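Undergrad: Please see the structure below; I have some questions.
The values are calculated or read from the model by the stated rules, or taken from the named source; none is laboratory data. Just so we're clear, the structure is a prediction, and the values are computed from it rather than from any experiment. No Cβ is skipped: glycine too gets one built from the backbone with ideal geometry, and neighbour counts run over all protein chains shown.
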């Protein structure tokens, strides 16, 4: 529980600010003059600014603790390191000198996700090369 407090303290103000901005300005978001966000899309965007942001910050904090506990780690493999909750730890571990491997498998290794979701990992599986 105590480990959660710094994450919540960092997450809550950002999440609230982003949620208010989405609620107030979703209709102003356009690309090439076309509406890029409709009212029906707002719940999905709110999930990103709330739950997804929290998971990303929490995973990064956990990776920071793990990296301190395992100073001799050389390689870490992720199942798919393209999503937020993996990107934070991936980049943090790289900064600590750890080689990260994005081992895409299953549905995530299919071409549509390989093209759409790029990883930051040091190495990528052959399927993503």
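Undergrad: For residue 56, only one of the following conditions fails: (1) crowded, with 19+ Cβ neighbours inside 10 Å; (2) over 30 Å from residue 9 (Cβ atoms); (3) modelled with pLDDT of 85 or more. What is its number?
TA: Status for residue 56: all satisfied but (2).
Undergrad: May I pose another question? Name the residue, out of 95, 36, 62, that is exposed (fewer than 15 other Cβ atoms within 10 Å of the Cβ), at pLDDT 65 or above, in the same structural domain as residue 10 (by TED's automatic domain parsing) and closer than 25 Å to residue 14 by Cα.
TA: Details: 95 fails: in the same structural domain as residue 10 (by TED's automatic domain parsing); 62 fails: exposed (fewer than 15 other Cβ atoms within 10 Å of the Cβ).
Going through 95, 36, 62 in turn, just one is exposed (fewer than 15 other Cβ atoms within 10 Å of the Cβ), at pLDDT 65 or above, in the same structural domain as residue 10 (by TED's automatic domain parsing) and closer than 25 Å to residue 14 by Cα: 36.
Undergrad: Please determine whether any residue of segment 76-83 is surrounded by 11 or more Cβ atoms within 10 Å (Cβ to Cβ) and not assigned by TED's automatic domain parsing to the domain that holds residue 102.
TA: Step one: list which residues in segment 76-83 are surrounded by 11 or more Cβ atoms within 10 Å (Cβ to Cβ), which gives 76-83.
When the remaining residues are screened for being not assigned by TED's automatic domain parsing to the domain that holds residue 102, the result is none.
No; the residues of segment 76-83 include none that is surrounded by 11 or more Cβ atoms within 10 Å (Cβ to Cβ) and not assigned by TED's automatic domain parsing to the domain that holds residue 102.
Undergrad: How many residues does segment 65-91 hold that are modelled with pLDDT under 90, in contact with a helix residue (DSSP H, G or I) (Cβ under 9 Å, 6 or more places away or on another chain) and either farther than 19 Å from residue 14 by Cβ or part of a helix (DSSP H, G or I) (or both)?
TA: Qualifying residue count, segment 65-91: 14.
Undergrad: Surrounded by fewer than 13 Cβ atoms within 10 Å (Cβ to Cβ) and in a helix (DSSP H, G or I): is that true of residue 44 in this structure?
TA: Numbers: surrounded by fewer than 13 Cβ atoms within 10 Å (Cβ to Cβ): yes; in a helix (DSSP H, G or I): yes.
The answer is yes for residue 44.
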